[in-house]
Amino acid sequence: MDFRHTDEQQAWKDMLHSFMNKEVGREYTREHDENRQFPDEAYKKIADQGWLGLLVPEELGGLEADPVFYAIFCEAMAKFSLDTAACVMTSMFTATNIVRHGSEAQKKEHLPPYLAGERKFSVSISEPEAGSDAAAVKTKAVLDGDEWVLNGNKIWCSGAHLPGAVITVLARTSEDRHKGMSLILVPNDTPGLDIQKMPTIVRRSLGTTEYFLTDVRVPKENILGEPGQGWEFINGHLEYERLGLAASYVGNARTALDDTIAYTKQRTQFGRSLSSFQVLKHRMAENECELQAARLLVYQAATKMARGERAVQEVSMAKVFAADVAYKIAFNGMQALGGYSQLPEYDMERYFREAKHGMVGGGANEIQRTIIAREMGL
Ligand SMILES: Cc1cc2nc3c(=O)[nH]c(=O)nc-3n(C[C@H](O)[C@H](O)[C@H](O)COP(=O)(O)OP(=O)(O)OC[C@H]3O[C@@H](n4cnc5c(N)ncnc54)[C@H](O)[C@@H]3O)c2cc1C
């Protein structure tokens, strides 16, 4: 077993981190978080590099990278903020639904503008009464002639309000709990949609929304696959979403721990650096062990996916462990920075807020443990 990246993977990683340092940077990230602005310039630069096409096959204009390259990418995108990574990843993993299940016409219509950075995708599973119990979705889509007519209430749909966004809506097309759900593409300027941004403490750049659908009409061709395939599709989607999230937690936790180390080395109290106090030193050492373990779980899952094998358990193990570790590191970072941790210019408060969300977003930690237990035959 070789725990190192290959030369090609290492070169990819180095190039991405250098890009993040030079082309994105801490100040830009902080400013966009504080102002609740989407990082348009950074997104455009990422699109110009062709990286939005990492999960898109070459014949459709993408780079067709394997899940290991994707995980390295997500780790790097989260270097300064989990939200920055989410701004990029949300469209990326949602696009996999079109790549894998879309018709030729859907691919032709949606992928070129997406790859050019002009169209974003949102995924809309959650509803006020369908959170962890995602199969409790009530939003209905009824066929009326050549159109689907959608009615319902969706919540927590990240990026649905962004210019040119197309929402991938999980809607009920029949009463069967799992086989009665379908994925339908709804452009966010369709009449009958009322989208409102929510004042969340995280996803401040990407933005998260609640929206109501009142007799929203889209062509019947906007369904992905056949009616009733939505649940199956969303489960495939979640494997990419959760792998990307787990990798991003590791990437951001690395910075949070490095910032903690740097701060405790330069801050002096009682005539000594904070880092010389054993209690702080041991905490950081323990966090380093946990962070490296989380990274190994991420690349175990990515490698299994790259081999084309089912990796549901490995992805959930990586996600739950990395989320807990990222939170622990940011929590300890807040303590180590003392009062200064409260100030945005030290970035730790952002890592802390965002890491807390990691324990819920993309399927809460309790649900990941339930999935792992199920895969263990429990
Ligand atoms: C900022 C933000 C962005 C989001 N973006 C999106 C998005 O783009 N698209 C989208 O569809 N959704 C999105 N979500 C929704 C997110 O996926 C849900 O918040 C998450 O699935 C949990 O659902 P819930 O909030 O309704 O919590 P609930 O399901 O009400 O859970 C509350 C608590 O109870 C626990 N719990 C629930 N059921 C069980 C059980 N069976 N056993 C043990 N514990 C349980 C949970 O783990 C959790 O700790 C977003 C959420 C936030 C906050």
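Points worth noting:
- Cα-based Kirkwood hydrodynamic radius, the stretch 231-375, one decimal, Å: 15.9 Å
- In this Cβ point-charge picture (+1 for Lys and Arg, -1 for Asp and Glu), the chain has a dipole of about 1080 debye about its Cα centre.
- Pairs exceeding a 18 Å alpha-carbon distance, out of K140/K220; K107/K220; K79/K265; K13/K44: K79/K265; K13/K44.
- Compared with the alpha-carbon gap, the fully stretched path from E226 to E286 is longer by 16.7 nm at 0.36 nm per residue.
- For the chain, the longest principal axis of the alpha carbon atoms and the long axis of helix 348-358 meet at an angle near 40°.
- Residue range of the chain that is longest and free of chymotrypsin sites (Phe, Trp or Tyr not before Pro) which are both DSSP loop and sparsely packed (at most 12 other C-beta within 10 Å): 4-269
- Å³ per residue enclosed by the Cα convex hull of the chain: 140 Å³
- Over the stretch 1-151, Cα pairs under 8 Å with separation of 6+ residues give a relative contact order of 19 percent.
- Multiplying the residue separation of A11 and K45 by 0.36 nm and removing their Cα-Cα distance gives an extension gain of 10.3 nm.
- Alpha-carbon radius of gyration plus Dmax, which is the widest Cα pair, for the stretch 121-229 in Å: 13.1, 43
- Relative contact order [Cα under 8 Å, 6+ residues apart], the chain, whole percent: 16 percent
- Gyration tensor (alpha-carbon) shape descriptor, the stretch 7-115, a/c threshold 1.5: oblate
- Couplings 3J(HN,Hα) of the stretch 211-220, computed from phi: 8, 10, 10, 10, 6, 6, 10, 10, x, 5 Hz, in residue order, whole Hz [Karplus 6.51 cos²θ - 1.76 cosθ + 1.60, θ = phi - 60°; x for Gly and Pro].
- Amide H contacts of M359 (H built 1.01 Å from N, under 5 Å, at least 5 apart or other chain): none
- Note on K140 and Q300: the extension gain reaches 53.7 nm, defined as 0.36 nm multiplied by sequence separation minus the Cα-Cα distance.
Coordinate-derived values only; no laboratory data. Here the structure is a predicted model, which means the values were calculated and not measured. Cβ sites come from the backbone with ideal geometry, for glycine too, and all protein chains shown count toward neighbours.
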